[in-house]
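To keep things clear, I will list the structure first and then write my remarks on it.
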Amino acid sequence: MYTQYFIAFQRKLAQETEEKWAIAIEESLQRNMNALFSQGMKQKSQRAISLYPFLKVLGAPDYTRIIVQVIHTGMIGILFRYFNFSEQNFKVKIF
């Protein structure tokens, strides 16, 4: 019984942490995109290639979701290696 509450608490804590990471990542991406845009405008006359048009293909929320998913997947990989789980007996839903 205690274990069920502990697991539920840990899942909630992990979800809250991922949400905080997502907010921080999205803010950072937006800040960096703005910096790349302004650098591109300054270097326009120098015929320099900017990453901004390529990164603008997806929005910051899309990149944030991808980054959080990569972090989540990497953490699961660490658990598999560290605890020697096999995928058959350890089911995880990856979003």
Would you mention how many residues in the range 53-73 are farther than 17 Å from residue 26 by Cβ and either among the hydroxyl-bearing types (Ser, Thr, Tyr) or modelled with pLDDT of 85 or more (or both)?
1
Mind checking which residues of the range 1-34 are of a type outside the set (Lys, Arg), surrounded by 10 or more Cβ atoms within 10 Å (Cβ to Cβ) and over 18 Å from residue 69 (Cα atoms)?
6, 7, 8, 9, 10, 30, 32, 33, 34
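The values are calculated or read from the model by the stated rules, or taken from the named source; none is laboratory data. Small disclaimer: the values here were computed from a predicted structure and weren't measured. For neighbour counting, all protein chains shown are included, and Cβ atoms are generated from backbone atoms with ideal geometry for every residue, glycine included.
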